[in-house]
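A quick write-up on the structure given underneath.
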Amino acid sequence: MAIQRTLSIVKPDATAAGNIGAIVARFEAEGLRICAMKKVHLSLREAEGFYAVHSARPFFGELTTFMSSGPCVLIVLEGEDAILRNREIMGATNPAQAADGTLRKLFARSIGENAVHGSDAPETAATEIAYFFAGTELH
Ligand code: CMP
């Protein structure tokens, strides 16, 4: 096992519903450490840049409009196997398929408004963290 860092985003649906505290508490209860955290309202351009890998997908416009519709909380998590652990805690992308007790089962409404994002691999984690945070902001 290796100590990893991963990017989590509490999406606009979850911030609007007042679920920031519950989600952050869950990460800490699961043994993931908060390295950095900030609340931001992404511009459409920032959301398009972050999700550029999905730019050819039919849902790209819906996704980026939603992600820029209200504030998000950007979090860098650290811990043993943090990338996989965070994905287990989040549950399946589609909340209808998410396991009981996962964040998306508890807090998500739909595949588009699914409460949280998490990096899917070490390379994407590094890219995603650097997209939002300077090295000096990670503690
Ligand atoms: P996320 O983990 O942030 O990564 C890409 C996002 O695209 C994903 O969560 C979903 O919110 C969104 N997404 C994936 N598939 C669909 C879809 N079929 N319709 C709308 N949004 C989708």
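Return yes when Gly18 is open to solvent by less than 50 Å² (accessible area, probe 1.4 Å) and at pLDDT 95 or above and no when it is not.
no
Is it the case that Leu77 is under 13 Å from the mean Cα position of the chain (by Cα) and within 18 Å of Ser8 (Cβ to Cβ)?
Taking the combined requirement at face value, the residue satisfies it.
From Gly101, Gly91, grab the single residue that is over 20 Å from Cys35 (Cα atoms), of a type in the set (Gly, Ala, Ser) and without any contact (Cβ under 8 Å) to a residue 12 or more places away in the chain.
After ruling out the rest, the residue left standing is Gly101.
Those residues that are surrounded by 14 or more Cβ atoms within 10 Å (Cβ to Cβ) and over 20 Å from Pro12 (Cα atoms), I need them from region 22-39; list them, please.
Once the filter is applied, which keeps residues that are surrounded by 14 or more Cβ atoms within 10 Å (Cβ to Cβ) and over 20 Å from Pro12 (Cα atoms), region 22-39 yields Glu30, Leu32, Arg33, Cys35.
Just checking, does region 94-107 include any residue being small (Gly, Ala, Ser), farther than 22 Å from Leu42 by Cβ and surrounded by 15 or more Cβ atoms within 10 Å (Cβ to Cβ)?
yes
Take Arg104 and decide whether it is assigned to a helix (DSSP H, G or I) and more than 15 Å from the ligand (Cβ to nearest atom).
So Arg104 does not fit the description; no.
Determine the pairs where a residue that is in a helix (DSSP H, G or I), located within region 112-139, has a partner that is of a type in the set (Lys, Arg) and open to solvent by 20 Å² or more (accessible area, probe 1.4 Å) with Cβ atoms under 7 Å apart, the partner being 6 or more residues away or on another chain.
Matching pairs, first to second residue: Ala125/Arg5; Ile129/Arg5.
The values are calculated or read from the model by the stated rules, or taken from the named source; none is laboratory data. Every value quoted in this text rests on a predicted model; they were computed, and no experiment measured them. When we count neighbours, we look across all protein chains shown, and the Cβ atoms used for this are built from the backbone with ideal geometry, even at glycine. In case anyone asks, the SASA skips ligands and DNA or RNA and just uses the protein heavy atoms, side chains included. Shrake-Rupley method; radii C 1.70, N 1.55, O 1.52, S 1.80 Å.
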